[in-house]
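The values are calculated or read from the model by the stated rules, or taken from the named source; none is laboratory data. The structure displayed is predicted, hence computed values, not measured ones. Cβ sites come from the backbone with ideal geometry, for glycine too, and all protein chains shown count toward neighbours.
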Amino acid sequence: MNVVNLTLKPTGHDQTHEVQQGWVMASTDRRTAVSLYPSVVAVQTANTTHYRTSLGDPLTRVLQLFVEATGASVVQRIGLRYVNRLQNSEAVTPIYWSEHVRAAFAGPLVQGIAPLVEALHQQVQLRRDDTAAARVQSGVFREQTTEALYSYWWTLMSFVNRRSTSTKSCVPTSPVS
């Protein structure tokens, strides 16, 4: 993998280039793959049904196998970023998503002002302990199409800083029920 670091400054830019060796582990049908490099772990899938089963479980399993195979025991920082955009032809108002999103992440969509909501953007910062935290950004927006449908989006960023062989706390649950 080629890693390019680019820093933009008012006077120009600085650029560095580095080649990293790593591993790619894939399912037998190649529809799901996990790439492990010194500075990044990426999960790719052609079939997303639910965050936990499509991405979380494969990532947890591969990290466990990697630790078993290599004896790796130091994790300086794990960052997980997951972006999802949910669409449905029945979502003609934002309130449609109140039945499909966990109440803790739905904000005004499950409160008395729900009929007034035209769009929504929120951010929740979570802290599991001194070693793990996550940020969930989510919201509802109107699609720029002739059907005028509303989509729900969410982004999950999770970080772990610690010395451990455990991978459990880096895979939090999804805000979508």
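Taking the stretch 19-29 as the range and being surrounded by 10 or more Cβ atoms within 10 Å (Cβ to Cβ), under 18 Å from residue 40 (Cβ atoms) and either touching a Cys at 6+ places or on another chain (Cβ under 7 Å) or modelled with pLDDT of 80 or more (or both) as the test, the residues that pass are 22, 23, 24, 25, 26. Tallying residues that are closer than 25 Å to residue 59 by Cβ and either in contact with a Gly (Cβ under 8 Å, 6 or more places away or on another chain) or modelled with pLDDT of 80 or more (or both) within the stretch 1-17 yields 1. Just to be sure, is residue 35 touching a residue at least 12 places away in the same chain (Cβ under 8 Å), in a strand (DSSP E or B) and not charged (D, E, K, R)? Yes; evaluated as a whole, the condition is true for this residue. Listed conditions (1) in the same structural domain as residue 143 (by TED's automatic domain parsing); (2) touching a residue at least 40 places away in the same chain (Cβ under 8 Å); (3) of a type outside the set (Gly, Ala, Ser) are all met by residue 67, apart from (1). Being at pLDDT 55 or above, within 13 Å of the chain's Cα centre (by Cα) and part of a loop (DSSP other than H, G, I, E, B) is a description that does not apply to residue 158.
Inside the stretch 107-118, residues that are assigned to a loop (DSSP other than H, G, I, E, B) and exposed (fewer than 15 other Cβ atoms within 10 Å of the Cβ) make up a count of 4.
Candidates 52, 85, 30: the one that is part of a strand (DSSP E or B) and of a type in the set (Lys, Arg) is 85. The requirement of being among the β-branched types (Val, Ile, Thr), in the same structural domain as residue 5 (by TED's automatic domain parsing) and either more than 28 Å from residue 5 (Cα to Cα) or touching a Leu at 6+ places or on another chain (Cβ under 7 Å) (or both) is satisfied by residue 45.
Filter the stretch 119-136 down to residues that are crowded, with 16+ Cβ neighbours inside 10 Å and either touching a Ser or Thr at 6+ places or on another chain (Cβ under 6 Å) or modelled with pLDDT of 80 or more (or both), then give me how many there are. Residues flagged as crowded, with 16+ Cβ neighbours inside 10 Å and either touching a Ser or Thr at 6+ places or on another chain (Cβ under 6 Å) or modelled with pLDDT of 80 or more (or both) within the stretch 119-136 amount to 4. Taking the stretch 38-51 as the range and being in contact (Cβ under 8 Å) with a residue 40 or more places away in the chain and surrounded by fewer than 14 Cβ atoms within 10 Å (Cβ to Cβ) as the test, only 50 passes.
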